[in-house]
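What follows is a single structure, written as structure tokens, with notes after it.
All of the numbers you see were taken from the coordinates with simple rules; none came from a lab. The structure displayed is predicted, hence computed values, not measured ones. Here the Cβ positions follow ideal geometry from the backbone for every residue, glycine too, while neighbour counts run over all protein chains shown.
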Ligand SMILES: *Cc1c(COP(=O)(O)O)cnc(C)c1O
């Protein structure tokens, strides 16, 4: 599943002892396993190999340039949602023709930047956006390609804040509108509309919503062909699950088992498939290490107060997300054999794990059964690789954590810890 495992009561990332890592680099610390990160990508590439897809890694899930570079070196494209992410893709030396660019609010400057870079596809979210990109391309005397983002109106059965493929969403257009869209814009000479894009939500923990969405998209492509619009590319988006709890998510091969046969005829007829996985690659490849500061009782409730929180990992506060967490250093009978909310081991104590931020939503876990913990103990927050560091903020003027990449017995700093000067730098010497 991943390369974070206990050896003699000590949690390791690959061959590196996490207590030693925390002593060396300090806490809070994001730690990534190179082997897990690359392995998750390889599994997708293998599972979908029959379709020869372009796999565009979703930078917004976990965008450290050094991590993006690992995938670019394996031939991955990149899925970006801003000019800043396009900048990261360039620094990672991703092939620009394999970059797809989604997002409802692309600015003129971002559009120009993407046309100049020569990206593969703009994923178009509205009529107004298509017109704007086409007119910018015309003014630049350039040609670009577009994929229309379609809402297949399926329910991915995930959190309301990460549901994107229903009819009432700000993303894309519904199927009826898609037909009219091609009638109106299908023959533009500067912005070639030749692809359909889907992204239904995240995480999608069953395969059926993909099957439903792809069937609808293939139906639309067939109709469009009959009315003279050739669609040669289908981008099925991302949203594949991760194991926040043991065996919670289908594996890449499970998704592929149902999706590949559905798309094979399209591929055999000369079509190109694009995938945009993020979470399923990064989530279980990363962990957030934090040090216990205080243990405090509030009435009959126990609070474990740590040196990180919603400012570094906002998922519990924002999505009510579950993250397994466990001390890095435990007695043999406290090594977790699986990761789940209700751990059935002797001598556990119920506690809330909370951060230092002045907000009551600043928590990492509530009513969690954990081994007894004391000031100075190190706690590992699992499955924090995706939507972790990328969503971290400086709220309460807290510097963001450092990031370390482990490969075998070697640990490399891939982002240094922020300093107080980093916090105030942009405010100083601004001429005021
Ligand atoms: C966020 C996003 C993805 C990646 O989603 P994951 O759940 O991380 O796989 C892919 N495509 C688009 C358009 C996105 O916005």
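Structural remarks
- Zone residues, the stretch 115-136, relative to residue 184, backbone N less than 20 Å from point 7 Å out along Cα-to-Cβ: 122-136
- For the pair residue 69 and residue 143, the difference between a 0.36 nm per residue extended length and the Cα-Cα distance amounts to 23.9 nm.
- Residue 227 versus residue 337: modelled label distance in nm, points set 7 Å from Cα along the beta carbon direction: 5.9 nm
- Each 5 Å bin from zero up to the one holding the largest Cα-Cα distance in the stretch 267-329 carries the following percent of pairs: 4, 11, 16, 21, 16, 8, 6, 5, 5, 3, 3, 2, 2, 0.
- Structural descriptor for the stretch 171-238: relative contact order 43 percent, calculated from alpha carbon pairs under 8 angstrom and at least 6 residues apart.
- Between the stretch 289-337 and the stretch 377-432, the alpha-carbon center distance in angstrom: 19 Å
- Shape category assigned to the stretch 34-281 from the gyration tensor of Cα positions, a/c cut at 1.5: oblate
- Cα shape, the stretch 333-412, gyration tensor, a/c 1.5 rule: oblate
- Each peptide in 347-354, 408-415 was scored by the mean count of other Cβ atoms within 10 Å over its residues; highest first, the order is 347-354, 408-415.
- Note on residue 419/residue 374: beta-carbon distance plugged into 1/(1 + (r/R0)^6) with R0 of 30 Å gives a FRET efficiency of 0.55.
- Length gained on full extension, residue 174 to residue 15, computed as 0.36 nm times the residue gap minus the Cα-Cα distance: 52.3 nm.
- Between residue 427 and residue 49, the modelled labels are 5.5 nm apart [label points 7 Å from Cα along Cα→Cβ].
- Looking at the chain alone, DSSP beta bridges between its own residues are antiparallel in about 50 percent of cases.
- Equivalent ellipsoid semi-axes, the chain, via Cα gyration tensor eigenvalues times 5, rooted, Å: 41, 24, 20
- Additional length obtainable on full extension of the chain from residue 349 to residue 247, 0.36 nm per residue less Cα span: 34.2 nm
- Ordering 316-328, 380-392, 273-285, 416-428 by mean Cβ neighbour count within 10 Å, with the highest value first, yields 273-285, 380-392, 316-328, 416-428.
- Estimated inter-spin distance, residue 409 and residue 393, nm [label 7 Å along Cα→Cβ]: 4.3 nm
- Computed FRET value (nearest 0.05) for residue 153 with residue 254, which takes r as the C-beta separation and R₀ as 22 Å: 0.40
- Of the peptides 243-254, 45-56, 289-300, the ranking by mean beta-carbon count within 10 Å, highest at the top, reads 45-56, 243-254, 289-300.
- Computed over the chain: relative contact order in percent, which uses C-alpha pairs under 8 Å that are six or more apart: 20 percent
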